[in-house]
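Report on the following structure.
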Amino acid sequence: MTNKEKALACFRNVYKIAIADGYLVREEKEMLLEVGQKMGVSRSQARDIMQKINHLDFIIPADPQEQAEHLEYIIQMMMIDHEIHDREYELCYAFAKKIGKNEVILQRMIDKVSHDMKVMH
């Protein structure tokens, strides 16, 4: 995967979580913009992903470090509005399982991200 493909995959994975509850709140939009800009995803590429997201599945990176980064972004997105919706959690857990993480490990990661987010704010 090229760096551009990796960036698009991460954006796609995070966006899939962002819309899992059926709408985007301001914090989710801001995080998507931040992630997209950080990774060099253009507006047209982001728009293309957003229009097709219902027909797209998660992209699982081959590199374990990238898998962990994607999961951390996904968890941050899931928690950004301070409420974990059932569908967001289901998708987050599905991604975690695809990269070999069980629910106990996922919960530890959620706790860590939650702590880190509180420290940052």
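Table for the structure above
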quantity: Complete set of residues in region 53-69 that are among the charged types (D, E, K, R), outside any loop (DSSP other than H, G, I, E, B) and either within 16 Å of residue 17 (Cβ to Cβ) or touching a strand residue (DSSP E or B) at 6+ places or on another chain (Cβ under 7 Å) (or both); calculated: 69
quantity: In region 60-77, residue farthest from residue 105 (Cα to Cα) [restricted to those that are hydrophobic (A, V, I, L, M, F, W, C) and crowded, with 18+ Cβ neighbours inside 10 Å]; calculated: 77
quantity: Hits in region 1-29 - residues which are farther than 16 Å from residue 51 by Cβ, in contact (Cβ under 8 Å) with a residue 24 or more places away in the chain and of a type in the set (D, E, K, R); calculated: 4, 6, 21, 27, 28
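Let's see how each residue does on (1) among the β-branched types (Val, Ile, Thr); (2) on the phi < 0 side of the Ramachandran plot:
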| position | (1), (2) |
| --- | --- |
| 5 | no, yes |
| 11 | no, yes |
| 15 | no, yes |
| 22 | no, no |
| 31 | no, yes |
| 56 | no, yes |
| 59 | yes, yes |
| 75 | yes, yes |
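No value in this document is a laboratory result; all are computed from the given coordinates. These numbers come from a predicted model, not from an experiment. Because the Cβ atoms are built from the backbone with ideal geometry, glycine has one as well, and the counts that use them run over all protein chains shown.
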